[in-house]
């Protein structure tokens, strides 16, 4: 968590009037608070209520009167011996693996690119613009292009790997079967790394350059400078960046949905689409909500642990 | 301190109020009314080559309706990818159109929500009576024994399309009438990068349509008489295996078809990459892809032996679109009037001609426009050997569960893994366990 | 704009690894873009045939057809309005919130930041239906049509990007020296004056980054847009799906349309780039 800033309350003390002094921060927060309430918190409360209801197609029309299901929806979801629970668990594990790999790669590529491009060189502006293109394309356009390239019969990927390089002895399937995981990961990284790049690049601007000058006078090499100055200075930026990348990737719906439609192959069955399928395709919004709530609890726990760990790390470092 | 508490209290009250208001759902106006008699909202499904083309087809007809009745129809053509979601959210919130198109296989599932106006005898009388419609089309409008949830609008059936030139080149005399003949023909066609027949391996609905017909031909069904899921009977397993085997064992479907889900098999056929295609009312589609009508022949979908007919000789599901009225419409009379208009003989002729489908209205079917050889096959199939998909409230879940299982089986076949009776049975068992327990 | 980071020239190994890395990365980024461009210039039959690096036949037909297959212009305008409005609102609200958190100590601060961050964890699917219900009920109660309208979508999207924007801006504002706004207040500015005259200008790169993020979040969202829009308010993210019709997937038109709608966005990015770098001067005050 952010360390509380010393002398934070010093600024506005000049202004007279107690209400004004105390009220201002709340006033500033009010719009954000109201909107979050309206669009996130209240719907979430309703979603939690839904997860305790039997909300199948027989009741969705007037779900106020749908029967209460107690913890039935939850017990179905976590009964890992039965197909529904097992499918959820599989999907969850796939999502974890996918998220860790995707976030790791996005961060690594984004940071490396930002660090490499800190100095001016010819074509830097052009490259920087180019690198933001994947991020600027509408998700649908980007993903559908990759789908096009991953086609079995006429896709570029098989054309290169099989026809031109001869690496595979026959064309591979990328959109079905086990390879779909690799395909999904590729698309996710392609689309995601420019964001890490953007944020890290902005973060790099705030590192005072005297630090580098001092370090290089001390004879520190490039790698050492990165390790001793760049990465520690980026720590606050990275703390948030990695967390939100994790949360977004974990909850990403757009990419797998555009890529595989309503039913994803098992190897790429991300949890967001899985829950979507449970809710919208099989019309069981109760179980779908219960799965979402479980997911939410998991993410809360991960975030809590993550923040505790990284904040402690930060305190000892500083 | 006090202000926080006040703020917190305010927030809690606000959220409770919002939550309570949302809990009310859209059920307040349950019965339908005639509050706005001069306006209707109509959600049409995408039937033509694009949404814009649909608008061009429908708008003149809606203008005609407005001239006749003074009721203005606001048209929205909803893409297939969004239609079911839109209907579900409309159902949940009560905020929907007055009249809408639904895929006829959804009828029973949507009927269970109670959001659609039941078509009892009284309502049917308002549009000219139930017996104006073809029986097979009426068979796909909801659970048997209940008032239909919708009225048939467009009918379609599967047929076997074959490339005449490719058949001649391979020395095949005529279209195959049984699956054995189809496989034999397919093997002759499958060479030099060309293949016997196409499939949409990654499209759960297409998979279901074919597996259902195969099951019928083996005397099996995916549901018991009282509507319970029964996916693992010998007949069902044999049926699914026979379908997947076209790729896995007989090798007359290109492995690449396992990932098809966007009608690529139609364009493969149009481009002469496959010699045969099982499709519903493909003529308009093939024409738009530049395949001339003389280039292909059209024949009934094969059966195991003998000729198509009822019972085990079924060779198509009843495909099509139904027209439904949203129960809490605020223009009930206008909505009924609109359904009457859309199912009138004249409109049926115009619309079904434009979309290359068959009118489910008997009188309209008699029109010369539907007597071409292609339409004769479809009409015949609909009249004699087409059966509606199971009319159970779990139909939608069935399509997802079994359709996805077949998709995975196709993926296995394409990836070179063996597809055995056991692996088919295992996949279907898993699908069955995912069905709701009720 | 150069950054004289080191008085010595970087070592050769650094230059080489940079060259290799950036070349590979450029290839990775560019290949799909090249595929888009080349496919958008091919007739449909060639696009659906075996892949070729070089088109055998060039045509600009797809660029003409895209406008009639789907109402691309309308979708584009809708997306611009929705994403633009959501971005402006989101950034303004986030600036206020971040300023409050960064500069004031007040009760509930921690609760606020944690709550706001936690909303990032909500799976969209959990609150899609409830949110729709709320909008419908607000519509029924007050006559403000939020469902099916651009307004509802703007409201939804701006809250999607708000949590992250607030968090990022808190960080950026913290790095702006407090002495600066105190000096401004001594000069007679109020707290808001200090915010807009001192803090915001100093945090421009952060604000631009956050704005870009807010824009792209709204620009690409599919799930909520597919349910909450109708024919007249449909955004590009869902509208582009119209090129994959019942008959055929018009790959060449998809690519052409994607390129056409992306050009203004990429151009906007290019214009904003300079502000991302402008932070150098702000940082130098330290």
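Here are a few things to note about the model shown:
- Kirkwood-based Rg to Rh ratio, the stretch A:119-204, C-alpha trace: 1.08
- Taking a point 7 Å from the Cα of residue B:346 along the Cα-to-Cβ direction, none of the residues of the stretch B:353-392 has its backbone N closer than 14 Å to it.
- Gain upon complete extension [residue C:111, residue C:50; 0.36 nm per residue less C-alpha separation]: 16.2 nm
- For the stretch A:99-141, the alpha-carbon radius of gyration amounts to 1.35 times the rule-of-thumb value 2.2 N^0.38 Å expected for a compact globular protein.
- D_trans [Stokes-Einstein, Kirkwood Rh over alpha-carbon pairs] for the stretch A:57-192, 10 °C, 1.306 mPa s, µm² s⁻¹: 84 µm²/s
- With 20 Å bins beginning at zero, the pair-distance distribution over Cα atoms of chain B amounts to 24, 53, 19, 3, 0 %.
- The calculated FRET efficiency for residue C:183 paired with residue A:27, based on their beta-carbon distance and R0 = 30 Å, is about 0.80.
- In a fully extended conformation the segment linking residue A:169 and residue A:108 would gain 18.8 nm over its present Cα-Cα distance, using 0.36 nm per residue.
- Residue-span extension gain [residue B:417 to residue B:178] - 0.36 nm each, minus C-alpha spacing: 83.3 nm
- Nearest-ten-degree value, helix C:12-40 long axis tilted from longest Cα axis of chain C: 50 degrees
- Simple spin-label estimate for residue B:122 and residue A:34 in nanometres, 7 Å along Cα-Cβ: 4.8 nm
- Of the residues C:97, B:267, A:172, the one with the fewest other Cβ atoms within 10 Å heads the list, and the complete ranking is A:172, B:267, C:97.
- Highest-fluctuation residue, B:83, B:160, B:378 considered, GNM on chain B with Cα pairs under 10 Å: B:83
- As a rough footprinting exposure proxy, the listed residues A:152, A:162 were ranked by other beta carbons within 10 Å of their own, and the order from fewest upward is A:162, A:152.
- Helical content of chain C, expressed as a calculated mean residue ellipticity at 222 nm, amounts to -23500 deg cm²/dmol (DSSP H runs of 4 or more residues, -39,500 (n - 2.57) each, divided by residue number, nearest 500).
- Counting only alpha carbon atoms, the long axis of helix C:124-142 and the longest principal axis of chain C meet at about 80°.
- A viscosity of 1.567 mPa s and a temperature of 4 °C, combined with the Kirkwood radius over C-alpha pairs in the Stokes-Einstein formula, give the stretch B:45-175 a diffusion coefficient of 74 µm²/s.
- Hydrodynamic estimate: the Kirkwood radius of chain A over Cα pairs, inserted into Stokes-Einstein at 4 °C and 1.567 mPa s, corresponds to D of 56 µm²/s.
- Quick note on the stretch B:128-173: its Rg to Rh ratio, both from C-alpha atoms and Rh being the Kirkwood radius, is 1.34.
- When the stretch C:85-126 is reduced to its Cα atoms, the Kirkwood hydrodynamic radius in Å: 11.7 Å
- Most fluctuating residue given options C:14, C:132, C:196, as computed from a GNM of chain C linking Cα atoms under 10 Å: C:14
- Reduced Cα scattering model of the stretch A:17-81, Debye log10 I(q)/I(0), q = 0.21, 0.27 Å⁻¹: -0.89, -1.07
- Two-decimal log10 I(q)/I(0) for the stretch B:226-317, as the Debye equation yields it once each C-alpha is a single scatterer, q = 0.11 Å⁻¹: -0.43
- DSSP bridge orientation in chain B - percent antiparallel, rounded to nearest 5: 60 percent
- Inter-part distance where the stretch C:40-98 and the stretch A:103-144 are each reduced to a Cα centre, Å: 20 Å
- Applying 1/(1 + (r/R0)^6) with r as the Cβ-Cβ distance of residue C:271 and residue B:36 and R0 = 45 angstrom yields a FRET efficiency of 0.40.
- With the convex hull of its Cα atoms as the shape, the protein assembly as shown has an orientation-averaged projected area of 42.5 nm².
- Relative to the longest principal axis of the Cα atoms of chain C, helix C:150-175 runs at roughly 40 degrees.
- Summarised as an ellipsoid, the stretch A:209-318 has semi-axes of 43, 17, 8 Å, derived from the eigenvalues of the Cα gyration tensor scaled by 5 and square-rooted, with the largest first.
- If you take the Cα centroid of the stretch C:151-167 and the Cα centroid of the stretch B:352-418, the two points sit 44 Å apart.
- Computed [θ] at 222 nm, helices only, for chain B once each DSSP H run of length n ≥ 4 contributes -39500 (n - 2.57): -14000 deg cm²/dmol
- Once you divide the Cα radius of gyration of the stretch B:88-138 by 2.2 N^0.38 Å, the number left is 1.27.
- Part-to-part distance (alpha-carbon centres) for the stretch B:294-313 and the stretch C:207-234, which is given in Å: 49 Å
- Take every Cα pair under 8 Å whose residues are at least 6 apart in sequence, average their separation, divide by the length of chain B, and the relative contact order is 26 percent.
- Antiparallel DSSP beta bridges within the protein assembly as shown, percent to nearest 5: 60 percent
- Computed log₁₀ I(q)/I(0) - Debye formula, equal Cα scatterers, no solvent, the stretch C:71-243, q 0.08, 0.14, 0.20 Å⁻¹: -0.30, -0.80, -1.23
- Modelled label reach - residue B:68, point 7 Å along Cα→Cβ, the stretch B:340-359 residues with backbone N closer than 15 Å: B:340-352
- Peptides C:86-92, C:106-112, ordered by how many other C-beta atoms sit within 10 Å of their residues on average, highest first, read C:86-92, C:106-112.
- Going from the residue with the fewest nearby Cβ atoms within 10 Å to the one with the most, C:126, A:108 rank A:108, C:126.
Computed from the coordinates by the stated procedures, all read-outs in this text should not be read as laboratory data. Here the structure is a predicted model, which means the values were calculated and not measured. With ideal geometry, Cβ positions are generated from the backbone for all residues, glycine too; neighbour counts draw on all protein chains shown.
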